1. Could we say that residue 299 is within 23 Å of residue 405 (Cβ to Cβ) and touching a strand residue (DSSP E or B) at 6+ places or on another chain (Cβ under 8 Å) here?
2. Six or more apart or on different chains, Cβ under 6 Å: which pairs go from a residue in region 128-148 that's over 24 Å from residue 170 (Cβ atoms) to one that's of a type in the set (Ser, Thr, Tyr)? Could you list them?
3. When only residues in region 378-392 that are of a type outside the set (D, E, K, R) and in contact (Cβ under 8 Å) with a residue 12 or more places away in the chain count, which is farthest from residue 422 (Cα to Cα)?
4. Keeping to region 281-305, report how many residues are open to solvent by less than 30 Å² (accessible area, probe 1.4 Å), part of a loop (DSSP other than H, G, I, E, B) and closer than 25 Å to residue 417 by Cβ.
5. What pairs come up if the first residue lies in region 211-237 and is touching a residue at least 24 places away in the same chain (Cβ under 8 Å), the second is loosely packed, with under 13 Cβ neighbours inside 10 Å and of a type in the set (Gly, Ala, Ser), and their beta carbons are under 9 Å apart, counting only those six or more places apart or on different chains?
6. What are the pairs, 6+ residues apart or on separate chains, where a residue within region 408-429 that is within 16 Å of residue 380 (Cβ to Cβ) has its Cβ under 7 Å from a residue that is open to solvent by 10 Å² or more (accessible area, probe 1.4 Å) and among the polar types (S, T, N, Q)?
7. Condition first: open to solvent by 20 Å² or more (accessible area, probe 1.4 Å) and within 22 Å of the chain's Cα centre (by Cα). Now tell me which residues in region 404-433 satisfy that.
8. Return the residues of region 316-364 that are farther than 25 Å from residue 206 by Cα, assigned to a loop (DSSP other than H, G, I, E, B) and either without any contact (Cβ under 8 Å) to a residue 24 or more places away in the chain or out of contact with any Ser or Thr (no Cβ under 6 Å at 6 or more places or on another chain) (or both); say none if nothing qualifies.
Amino acid sequence: MTATPDAPAPDATPDSAPAAATADGLGEAEVSEQKGVRLAKRQRLIDEGFEAYPVGVDITDTIPAVRARHQGLEADVQTGETVGLAGRIVHLRNTGKLCFASLQAGDGERLQAMVSLGEVGEESLGLWKELVDLGDHLWVRGEVITSRRGELSIMVSEWKIAAKAVLPLPNLHAELSEETRVRSRYLDLIVREQARTTVRARAKAVASLRRTFDAHDFLELETPMLQVQHGGASARPFVTRSNAFDTELYLRIAPELYLKRAAVGGLERIFEINRNFRNEGADSTHSPEFAMLEAYQAYSDYNGIADLTQELIQNAAMDSYGSHVVTWADGTEYDLGGEWVRIGMYESLSEAAGVEITPETPLEELVALANANEIEIEHPLRGKYVEELWEHFVKPGLVAPTFVMDFPLDTSPLVREHRTRAGVVEKWDLYVRGFELATGYSELVDPVVQRERFVEQALLASKGDPEAMRVDEEFLRALEHGMPPTGGMGMGIDRLLMALTGLGIRETILFPLVK
């Protein structure tokens, strides 16, 4: 922008504080006042023939690229290179004949823009002071230089608003409240480096998962998210309705039953990364909507799929952070390297509780143990008591990555029985930094046994268990055509990021569901 035919409106006062006033703590009246001033500036731009929101600007370079090319320059250097670039104004200082702005790129990299009377002229400098605010997206063209203090800068010869911000930014020097971070993630991304880093780490981790699967000849599939019958896990579903089909539908709780149909069809190495929905509680490790990875490998079992899972996670750490030792947001280092320990559920529970517990231990003894330790469990399944007792006695002591092997039969209706132990299934849960990250199985492929398990689940559902599965005739029909021995695995992508970053689940989901 170089000139304007009219003087500024008297109430269009410049916002020239070194950091933005924040909506994270400002009263409504103050925000409304600032918005009114900025809206007046927007209108003035339009009235005078300029654009407050142009369709595009002449970008020839990016802030990160310019910084990369000109590292280590001495103070007061003129490079002779002219660039056109844009960024969001996150610092603004107007002083007489020379004004300064710090432009921030989407990745957080910043570059100083210097607007001087000698370069742009009196009218353009006046417009700068009157119309430019913190938070605006700004395009500048000029020579790359270093200031007298050695700051890499653009000596601006031309500028224009690329997008006018009509609300103030949060204070860039103050901590955002958790409420603001979660509800207004766009502000979090502008203000907080950790927020930007987490988004990029997630993208790198997911890309790494796909590369590892590709190296093992896996195919990525997509299965329905709207299903006529919920299944694939024990969870309470979200229920909706299709007007077109005049039928009740469920948001999927897991892609398992459809992926297994694909396995029946001969797709021997398959995976899917997509959204699951479970109509349950929300806490630091659970979200009603979450990203899930499921994978199936024919002619493997729960041991082979455990090896693959370890490789997937370790590669994701390496590709995201360059090391198996990751540094969490609080500065703690966590080692995901080496071979991970595998412990038995019953053996580790017996050792921690000080009493032998086996798949044959009577329910009465498990109830007595729970009552003696003030553990509230109300469930008809003996295996549920075993799992809850294990979580009480063993889970708090797990720090290093650990595969917990061999679960009770009655709590795992889609899993193959253990090849040598009665009452146990070939299932593991992977615990990383104390929470469950993934689960793996030797898949149940016998259609007769699978039907029996479904019937047992249906009986539980008829007695009021909202998480129990129902008989899925279509899946059973597919299974009756023959599914090869298979190892399967499911892993939460959000939880993978929790393991890599040390953050809670609402920080690893870009836009979490909040009340």
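1. It is true that residue 299 is within 23 Å of residue 405 (Cβ to Cβ) and touching a strand residue (DSSP E or B) at 6+ places or on another chain (Cβ under 8 Å).
2. 141/157; 142/157; 143/82; 144/79; 145/153; 147/153
3. Among those that are of a type outside the set (D, E, K, R) and in contact (Cβ under 8 Å) with a residue 12 or more places away in the chain, it is 392.
4. Qualifying residue count for the region: 1.
5. Close Cβ pairs (under 9 Å, with a partner that is loosely packed, with under 13 Cβ neighbours inside 10 Å and of a type in the set (Gly, Ala, Ser)) amount to 226/242.
6. 413/457
7. Listed by number, the list holds a single entry, 433.
8. Listed by number, the residues that qualify are 354, 355, 356, 358, 359, 360, 361, 362.
The values are calculated or read from the model by the stated rules, or taken from the named source; none is laboratory data. Source: prediction; values computed, not measured. Counting neighbours? That spans all protein chains shown, and the Cβs are built from the backbone with ideal geometry, glycine included. Surface areas here come from the heavy atoms of the whole protein model, side chains and all, with no ligands, DNA or RNA. Shrake-Rupley method; radii C 1.70, N 1.55, O 1.52, S 1.80 Å.
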